[in-house]
Amino acid sequence: MDKQFFNSNKLPFCPGCGHHLISQNTEKALSKLQMDPKDVILVTDIGCHGIIDKFANFHTVHGLHGRSVALAAGISLGLKNKKKKVIVFIGDGGATIGMQHILEASRLDLDLTVIIHNNMLYGMTGGQASGFTPKGFITTTTPQESRTRNYNICDLALSAKASFVARVIAKPDFSDIIVSGIKNDGFSLIEVLELCPSYALKMNKNMKLSKILEDLQEEEFVKTNPNYKWDFYTNSTENLLEDIKIFEKKYNNNVNKTLCIQISGSAGEGVQTAGEAFSYAAILSGLSVNQRGSYPVTVGVGFSTSEIIFSPENESTYSVNTPDIIIITSTDGFSVNIEKLKNFKGILYLDLSLQTPQTEAKIIRYDFRKFGPKNSAIFALFYVLKDLQFFNIESLTEALEKLNLKNKVSFEKFKEDLNF
Amino acid sequence: MESSKKIFINGSFLIIESLARAGAEVFIGYPITPANYLYLYSSKRLPLTFHAPDEITTLQWMSGLSASGKLPITATSFPGFALMIESINMAFMMELPMVIILAQRLGPSTGTATCGASGDLLLVRGMISGGYPVPTFSISSFQDCWDIPPKALETSVKLRTPVIILTSKEITMTNRSFDLNSLKEIKKLDRKFYESNENYIPYKPEKDFVPQFLPLSTTKHQVRFTASTHDQKGILQHSTREALENTARLQKKVLYNLKNYTYFDYQEDGYENLIITYDVSSSVSQEAVRELRNEKISVSLLVVKTILPVSEIYYEIISKYKRIFVVEENLSGQFCEILFGSETPKNVVKINSIGNMIGIDQIKEEVKKNG
Ligand code: SF4
């Protein structure tokens with residue numbers, strides 16, 4: 001078995017760069033674990049650390065800045081294979097931009113190991129400050145010292161319940177920590193504090209990583225949370241069509257051309273459900289139907305419109321120029337139709353409580369709200385069906401049954417009131 | 001003939017069932033109107049569902065799953081799609097199969113979530129840095145909800161690329177009666193991975209310019225996926241000839257294979273007037289054509305289902321006509337601009353609308369006025 005993890009001893013970083021130590025220790029850890037290189041997937045992203053993949057003998061995935069943890073999460077979820085080890089190399093810049101991905105992987109305790117190359121600035125783009133730059137640190141964009149504090153990524157990951165979190169200062173041998181991280185059957189985060197000689201050391205003379213930690217009142221550590229296991233969400237059906245209602249034609253209809261009813265009322269008053277019941281009834285009567293809803297985003301506030309096109313043809317159209325019938329059961333439904341009603345020439349069924357709009361329509365008024373707001377839309381449809389006789393009113397009763405609604409509306413009162 | 005079996009469902013239902021039958025394995029999503037039914041049905045039907053915390057994560061998880069050999073899908077609308085774009089570029093460059101359903105709604109910005117539109121075509125056309133086309137399909141009817149998604153999935157696998165399915169609120173949230181017996185059987189995609197013992201070169205193209213795929217689960221060969229400019233081995237390069245050829249190949253493979261995934265519906269009726277349309281405007285256009293023909297006005301209809309890249313077949317059809325009407329539910333006439341450029345030719349009429357579905361009469365009037 002080819003146990004070489006890198007194909008060169010000369011890694012592509014500036015002399016003295018802490019990235020060397022991380023790569024070497026990762027290699028050491030993989031050797032200690034006797035891993036087959038082809039069981040290792042290294043996910044990197046943008047930053048000096050990412051150039052390493054060219055030198056790797058394992059699988060490599062080189063992604064977008066800061067997104068490597070999410071990309072690796074997808075790989076880990078897809079492989080679901082304990083033998084395979086997914087390792088992420090990311091910088092402090094990437095960890096800043098992709099922090100959500102780190103927290104998410106911690107929360108779900110996904111099986112991967114993230115090694116943050118924290119040199120406290122953006123090396124590749126010219127030494128700018130990152131979210132990991134500590135107060136007092138000089139970078140090219142904070143030439144008079146950074147005035148803001150840094151993220152504590154280990155604390156964040158621990159509070160999101162990552163099962164293995166370590167902070168370590170880059171040193172010749174910290175491979176045992178990486179071994180433990182890789183062995184952990186869950187999410188492992190290892191923050192390695194290291195130096196970028198090309199920027200950090202030039203601007204912060206004599207800086208010492210241990211001193212930085214001390215000033216932050218922080219230290220190196222390894223901490224764990226219990227491993228968290230959860231089952232994947234799998235399907236509850238092998239066929240969506242299996243349990244679907246089949247409508248057999250049971251009633252006759254008196255419809256000889258495509259017609260459109262629009263019912264408008266208030267959200268939360270059952271307009272869409274009423275439209276659905278009417279559609280069911282039309283299908284039970286051998287018609288084809290197209291039902292569109294229109295309403296604001298917030299469920300339960302404002303207007304709600306249901307447009308039902310029904311047709312004796314095999315397939316109903318998707319839209320018509322204008323409805324033949326408009327039903328309005330509330331003020332919300334009224335306001336939204338004021339413009340439309342001006343040129344409307346069909347039949348307008350209007351609740352008694354509403355004022356007379358400017359319209360060319362024939363107006364029929366009735367107290368649709370007499371059985372309460374929640375009954376208004378469905379009651380209005382019963383009324384209209386009784387009035388216009390498109391099809392047997394029984395079909396609408398059966399539709400209510402199919403929708404398990406018959407007991408939820410004041411059905412007996414409808415019957416009495418409308419005498420059917 | 002078997003009697004009809006009527007069901008009453010929305011378009012999302014058919015889209016997800018057809019994708020599942022064709023072999024889509026994972027849905028990853030973040031809720032957004034009007035794509036929520038697609039999420040809902042997927043979570044019941046697809047073998048696996050993952051709930052992402054945002055749309056960037058969605059596309060990244062999908063990419064990871066795709067790289068490990070799974071076929072992922074998602075569904076979103078503009079605000080979520082906008083977040084996905086950088087990652088779609090990544091998946092396009094890494095050559096990862098996946099399907100992204102874009103259920104359009106009225107923009108700009110968050111616009112109106114519960115109002116239909118066909119306003120994202122130009123965005124999709126221009127979303128890849130460098131202007132490379134991504135195979136994009138448009139759903140124009142309930143029948144398409146069943147027929148088109150499996151073709152989209154197949155294209156994504158055959159071409160090793162993300163593909164987009166454009167639809168809108170008017171399909172994903174509209175209920176229709178539908179004959180169950182009209183649904184054709186869908187065969188599960190037969191997916192093949194690289195099998196040879198010869199060294200695997202991740203981005204070495206075959207004759208059709210598509211490299212063979214090998215998932216990260218393999219132990220036989222080293223596999224690389226790379227988002228930055230890279231050579232055939234998948235190793236980062238600044239701008240070597242090989243690497244630039246590899247990048248240019250991404251366009252070539254999409255165009256070279258276009259004939260194998262060009263789907264459209266063309267009804268010829270004389271060579272006077274041609275209505276070109278896609279997405280939700282197709283049904284009104286169809287109605288208008290029917291009524292115009294009843295009035296003895298001859299109109300042909302081209303419903304475009306493979307909308308990007310634009311097939312030369314569409315231009316062959318267009319060239320036969322005196323007058324062209326492009327019907328689409330956006331303000332500027334996006335497909336018209338893609339077909340004819342920013343200056344609309346004299347014999348081309350744009351028929352557009354926002355916030356309301358284009359009316360049958362509106363189309364008829366334009367045809368009569370200009371015809
Ligand atoms: S610029 Fe800094 S971080 Fe990048 S390789 Fe050089 S020393 Fe390392």
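Every read-out reported here was derived from the displayed coordinates using simple, explicitly stated rules and does not represent laboratory data. Since this is a predicted model, take the numbers as computed values, not measurements. Here Cβ is always computed from backbone atoms with ideal geometry, including for glycine, and neighbour counts include all displayed protein chains.
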Averaged across the residues of B:222-230, what count of C-beta atoms belonging to other chains lies within 10 Å of each residue's C-beta? 6
Peptide B:54-60: average number of partner chain Cβ atoms within 10 Å per residue? 6
So for the stretch A:19-241, what are the equivalent ellipsoid semi-axes in whole Å, largest first, each being the square root of 5 times an eigenvalue of the Cα gyration tensor? 31, 19, 17
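At 222 nm, what value in deg cm²/dmol follows for chain A if DSSP H runs of at least 4 each add -39500 (n - 2.57) and the sum is divided by all its residues, to the nearest 500?
On the way: 13 runs with 122 residues, N = 420.
Computed ellipticity for chain A at 222 nm equals -8500 deg cm²/dmol.
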Most mobile listed residue (A:PHE221, A:PHE334, A:PHE55) in chain A, GNM with C-alpha springs under 10 Å: A:PHE334
For A:GLU242, placing the label point 7 angstrom along Cα-to-beta-carbon and taking the stretch B:42-62, residues whose amide nitrogen sits under 13 Å are B:44-47
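Using only the Cα atoms of the stretch B:264-370, build the gyration tensor, take square roots of its eigenvalues as a ≥ b ≥ c, and label the shape rounded, prolate or oblate: rounded if a/c is under 1.5, else prolate if a/b is larger than b/c, else oblate. Before the final figure, lay out the partial values.
Details: a/c = 1.39, a/b = 1.12, b/c = 1.24.
Verdict is rounded for the stretch B:264-370.
How long are the semi-axes of the equivalent ellipsoid of the stretch B:189-342, taking √(5λ) for every eigenvalue λ of the Cα gyration tensor, in whole Å from largest down?
Numbers: eigenvalues 391, 57, 34 Å².
They are 44, 17, 13 Å, listed from largest to smallest.
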The stretch A:1-51 - Rg and Dmax from Cα coordinates, angstrom: 11.5, 32
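Which order do peptides B:337-345, B:215-223, B:288-296 fall in by mean Cβ count within 10 Å, highest first?
B:215-223, B:288-296, B:337-345
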Over the Cα atoms of chain A the radius of gyration and the largest Cα-Cα distance (Dmax), both in Å, equal 33.8, 95
Sorting B:PRO135, B:LEU96, B:SER43 by the position of each Cα along the dipole of the stretch B:6-182 (Lys, Arg +1; Asp, Glu -1; all at Cβ), the one nearest the positive end of that ordering is B:SER43
So who's got an amide H within less than 5 Å of the one on B:PHE27, skipping anything under 5 residues away but keeping other chains? H placed 1.01 Å off N, in plane. B:LEU48, B:THR49, B:PHE50, B:ILE73
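Give me Rg over Rh for the stretch A:63-193, both radii from the alpha carbons and Rh done the Kirkwood way, two decimal places. Intermediate values should be presented prior to the final figure.
On the way: Rg = 14.8 Å, Rh = 15.0 Å.
Radius of gyration over Kirkwood radius for the stretch A:63-193 works out to 0.99.
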What are the equivalent ellipsoid semi-axes of the stretch A:259-418, built from the alpha-carbon gyration tensor (square roots of five times its eigenvalues), in whole angstrom, biggest first? 21, 19, 15
Could you give each residue of the stretch A:300-312 its phi-based ³J(HN,Hα) in whole Hz, using Karplus coefficients 6.51, -1.76, 1.60 with θ = phi - 60°, and x for Gly or Pro? x, 10, x, 7, 8, 10, 10, 10, 10, 9, 10, 8, x
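Pairs B:LYS158/B:LYS233; A:LYS249/A:LYS386; B:LYS192/B:LYS233; A:LYS28/A:LYS85; A:LYS249/B:LYS151; B:LYS187/B:LYS305: which are spaced more than 22 Å apart, C-alpha to C-alpha? Don't skip to the answer; put the middle values down first.
Values: B:LYS158/B:LYS233 20 Å; A:LYS249/A:LYS386 20 Å; B:LYS192/B:LYS233 20 Å; A:LYS28/A:LYS85 15 Å; A:LYS249/B:LYS151 34 Å; B:LYS187/B:LYS305 20 Å.
From B:LYS158/B:LYS233; A:LYS249/A:LYS386; B:LYS192/B:LYS233; A:LYS28/A:LYS85; A:LYS249/B:LYS151; B:LYS187/B:LYS305, over 22 Å: A:LYS249/B:LYS151.
Does the protein assembly as shown come out rounded, prolate or oblate by the C-alpha gyration tensor, with a ≥ b ≥ c the root eigenvalues, rounded set by a/c under 1.5 and, if not, prolate when a/b is larger than b/c and oblate if not?
On the way: a/c = 2.31, a/b = 1.86, b/c = 1.24.
Prolate.
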Residues whose built amide H sits under 5 Å from the amide H of B:LYS305, excluding neighbours closer than 5 in sequence, are B:TYR263, B:PHE264, B:ASP265
Which lysines, if any, have their Cα less than 16 Å from the Cα of B:LYS320, not counting same-chain residues under 8 positions apart? B:LYS346
Using the Karplus equation 6.51 cos²θ - 1.76 cosθ + 1.60 (θ = phi - 60°), what ³J(HN,Hα) coupling, rounded to whole Hz, does each residue of the stretch A:4-10 give in order, writing x for Gly and Pro? 5, 8, 10, 8, 7, 8, 9
Under 5 Å between amide H atoms, partner at least 5 residues away or on a different chain: which partners does B:THR161 have, H built in plane at 1.01 Å? B:MET98
Could you go through the stretch B:308-316 in sequence order and give the Karplus-derived ³J(HN,Hα) for each residue, using 6.51 cos²θ - 1.76 cosθ + 1.60 with θ = phi - 60°, rounded to whole Hz, and x for Gly and Pro? 9, x, 6, 6, 5, 4, 4, 5, 4
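Would you please put B:76-84, A:29-37, A:73-81 in order of how densely packed they are, using the mean number of other Cβ atoms within 10 angstrom per residue and starting with the highest? Each step should come with its number before you reach the end.
Working: B:76-84: 22.2, A:29-37: 17.2, A:73-81: 24.4.
Ranked by mean Cβ neighbours within 10 Å, highest first: A:73-81, B:76-84, A:29-37.
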How would you classify the stretch B:1-122 from its alpha-carbon gyration tensor, with a ≥ b ≥ c the square roots of the eigenvalues: rounded for a/c under 1.5, else prolate if a/b is greater than b/c, otherwise oblate? oblate
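Calculate, for A:LYS408 and B:ARG191, the FRET efficiency according to 1/(1 + (r/R0)^6) with r their C-beta to C-beta distance and R0 45 Å; round to the nearest 0.05.
On the way: r = 48 Å, r/R0 = 1.06.
Calculated transfer efficiency: 0.40.
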Under a 10 Å cutoff between Cα atoms, tell me which one of B:TYR37, B:TYR315, B:TYR200 has the largest fluctuation in the Gaussian network model of chain B. B:TYR315
I need two numbers for chain B: Rg to one decimal and Dmax as a whole number, Cα atoms only, in Å. 20.9, 68
